[in-house]
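The values are calculated or read from the model by the stated rules, or taken from the named source; none is laboratory data. Computed from a predicted structure; not experimentally measured. Counting neighbours? That spans all protein chains shown, and the Cβs are built from the backbone with ideal geometry, glycine included.
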């Protein structure tokens, strides 16, 4: 079994954040993590001189490689440590093609530079951003059989799913000076020697790729000092100040996308703050509800009914005056263009949307079979060609109309400048009437939106969160909504008239993009299983359940002493069950002093922390093993009795445990 890391950066490129490589850190990493084989894979470049120095300094196999920006994704291309000069020349061609961080090469350029891809090990970003697109993977064909993933969860999922590539997980690390800890993202492969062909042969077979050396994919190394954890449910116990939270923090620092529920962080006694928290959590519901309304408000906000009325009045006044002067028209006012109306320019937004929608149907791969069941790609392509032709036809007409309108305006201005006859004011009756109808429809829409109703209901382990629309009842509520000291009294006086209210908001001083929020409020209520508003304790319980339920959006869940805030019945009946369900999907690590969690949750793995002080120096010892094992071991092979650990940490010692059992509980039983 060999431990490999084939994704290591040693040179800063245009695609990198700033860093300065430190060889001693790489050496320490290799020794401390007991790595058998690495590959140097810098972004779009290969530094031969540096590579040869690294090979001389390390006592393990080092492969030359390069991480290539390929068609929008990243591809690791790794070579055998032979003919380095030729590999250097090829990598220089890649470097010359990629001049900015947004550049990438295409498949044809890759083949031109590396014509015999089967001579290399190709590992694309698979379930890792920026991932290689499926169409690019199809082009690469049988040259790709392994893919890099970012998490333990994704690794295990790829192993289980037949149609997925063989997963590998690597550090993707940049080694700099004074590193306090090292990544533990490496892959174990079942080979006897580290040659490129042996590794390629192994990666063809998912059954020969693992997260750990001896425990397959059920365990992983959590920290660089050797702590092993289960990919299921782990419980960390220990005395006060023994390093439990320290260990949890260290695990958190070593992984990405971690859900960390810290001790006491969920206590919630303030009703208003709790309500704000729930509202923030469900902001997506609010945004989705207001999505279309927001566009309507933005559109109506551009309508000025007073200006429209003024335009009509000016038109009528000028028309009357022109009529009274009709017997005395001068030569300029007699020209046809003197009171000429302009051409109406066609709105092309709808046809643009149709073109975009058709383009989406053509390009989509996810639902291609369903789309083609009803309409073929050829028909879609024919449709989009016709739509584009029609769009261009309208666009050409619009350009002609705009050019003609500009010419009319120029001539009219010149004639009116020279004439003494009153000119008839321009007015767009069609647009004025359309805007009037829009305001009427807007008023009707706002009245419907302001009608109280439940717009969303969500169940969370016995709790229910209701989202309900309700009207604002005073200027103070509008002010609270704005989170400013602005005055809303004058605006609220027009609240029952939606259009006038909208016009009033323009004078308050808030952003126009926020106007839609002030027509109706979304009130979130959290109810217990009896249908009543939650109490202070229930608010904390709901917070914990919500945070744990949210964990599946992450790759690791850490919980620090949940018993600090909750009673045992709640922990046993609600929390334990939920934690166990989540641990089937992602690794869960729980720190506890409580037997309700520590013992009754039946974890897959037990960790015990112990603080030792020697001559003023603090050292944390960590023991781990299966919960039913007689002893727990540390990384040095030292053991400690599991029974003593559990009794001391969860029951305050064996004597206290027996006393409670015989003296406190037994006398309460019915004889």
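Of 16, 86, all but one fail to be under 17 Å from residue 174 (Cα atoms) and assigned by TED's automatic domain parsing to the domain that holds residue 201; the exception is 16. Residues of the stretch 558-580 that are at pLDDT 90 or above and either assigned by TED's automatic domain parsing to the domain that holds residue 150 or part of a helix (DSSP H, G or I) (or both): none at all.
Looking at this structure, is residue 412 touching a residue at least 40 places away in the same chain (Cβ under 8 Å) and buried (at least 17 other Cβ atoms within 10 Å of the Cβ)? Spelling it out, residue 412 is indeed touching a residue at least 40 places away in the same chain (Cβ under 8 Å) and buried (at least 17 other Cβ atoms within 10 Å of the Cβ). The set of residues from the stretch 1-38 being within 27 Å of residue 203 (Cβ to Cβ) and free of Cβ contacts under 8 Å to residues at least 60 places away in the same chain comprises 11, 13, 27, 30, 31, 34, 38. Where strands (runs of 3 or more DSSP E) fall wholly inside the stretch 117-200, the ranges with 3 or more residues that are touching a residue at least 40 places away in the same chain (Cβ under 8 Å) are 121-127, 166-168, 187-189.
Going by what's in this entry, would residue 440 be described as out of contact with any strand residue (DSSP E or B) (no Cβ under 9 Å at 6 or more places or on another chain) and not in a loop (DSSP other than H, G, I, E, B)?
So residue 440 fits the description; yes.
Does residue 107 meet the test of being at pLDDT 95 or above and in contact with a helix residue (DSSP H, G or I) (Cβ under 9 Å, 6 or more places away or on another chain)? Criteria met by residue 107.
Applying the set (1) over 26 Å from the mean Cα position of the chain (by Cα); (2) within 23 Å of residue 552 (Cα to Cα); (3) in a loop (DSSP other than H, G, I, E, B) to residue 245 leaves exactly one unmet item: (3).
Restricting attention to the stretch 626-642 and to residues that are closer than 18 Å to residue 601 by Cβ and free of Cβ contacts under 8 Å to residues at least 24 places away in the same chain, the residue that is surrounded by the fewest Cβ atoms within 10 Å (Cβ to Cβ) turns out to be 628. Screening residue 270 on (1) modelled with pLDDT under 90; (2) surrounded by 17 or more Cβ atoms within 10 Å (Cβ to Cβ) shows it passes everything except condition (2).
All told, residue 425 meets the bar of being assigned to a loop (DSSP other than H, G, I, E, B) and either at pLDDT below 90 or under 28 Å from residue 282 (Cα atoms) (or both).
Looking at the stretch 533-543, can you tell me whether even one residue there is part of a strand (DSSP E or B) and surrounded by fewer than 19 Cβ atoms within 10 Å (Cβ to Cβ)?
yes
Residues that are crowded, with 16+ Cβ neighbours inside 10 Å number at least 3 in the following helices (runs of 4 or more DSSP H) confined to the stretch 462-523: 475-482, 498-505. Checking each residue in the stretch 280-333 for being free of Cβ contacts under 8 Å to residues at least 40 places away in the same chain, surrounded by 12 or more Cβ atoms within 10 Å (Cβ to Cβ) and not in a helix (DSSP H, G or I) picks out only 304.
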